[in-house]
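The values are calculated or read from the model by the stated rules, or taken from the named source; none is laboratory data. Predicted model, so just to flag it, every value in this text is computed and none were measured. Neighbour counts are summed over all protein chains in view; Cβ atoms, including those assigned to glycine, are modelled from backbone coordinates with ideal geometry.
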């Protein structure tokens, strides 16, 4: 699925018209926290890393990111491409920890 296609499909489930940016920013923070908590429990509590739950939480994070971009009239493909361009400039030969 293309990022812009995802962004439009996800927008069908956006509720409310007031405070959308604030709602999405707060939702992004909450969902990121849930993902971080899964990783924390795995890393520090020895819990099994639940792949299905990680996919679910990552999807929730993606949804909120896409809707922040939608609110700001930024195509999600542009966000993804800009990030890759930045990484390519920063690490033209890929990341190497000893360089």
Task: segment 62-73, residues that are over 29 Å from residue 37 (Cβ atoms) and part of a helix (DSSP H, G or I) - done: none
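Considering only segment 74-92, I want to know if a residue exists there that is under 24 Å from residue 2 (Cβ atoms), assigned to a loop (DSSP other than H, G, I, E, B) and modelled with pLDDT of 95 or more.
At the first step, the residues of segment 74-92 found to be under 24 Å from residue 2 (Cβ atoms) are 74-89.
Going one step further and asking which of them are assigned to a loop (DSSP other than H, G, I, E, B), we end up with 74-75.
Imposing the further condition that a residue be modelled with pLDDT of 95 or more reduces the set to 74-75.
Yes; the residues of segment 74-92 include at least one that is under 24 Å from residue 2 (Cβ atoms), assigned to a loop (DSSP other than H, G, I, E, B) and modelled with pLDDT of 95 or more.
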Open item on the list: So, in segment 1-44, how many residues would count as being surrounded by 10 or more Cβ atoms within 10 Å (Cβ to Cβ) and part of a loop (DSSP other than H, G, I, E, B)?
Closed with: 3
Task: Verdict on residue 59 being over 24 Å from residue 81 (Cβ atoms), at pLDDT 95 or above and assigned to a helix (DSSP H, G or I) - done: no
TODO: Note down all Cβ pairs under 6 Å where the first residue falls in segment 66-93 and is at positive phi and surrounded by 15 or more Cβ atoms within 10 Å (Cβ to Cβ), the second is assigned to a helix (DSSP H, G or I) and modelled with pLDDT of 95 or more, and they're at least six residues apart or on different chains.
DONE: none
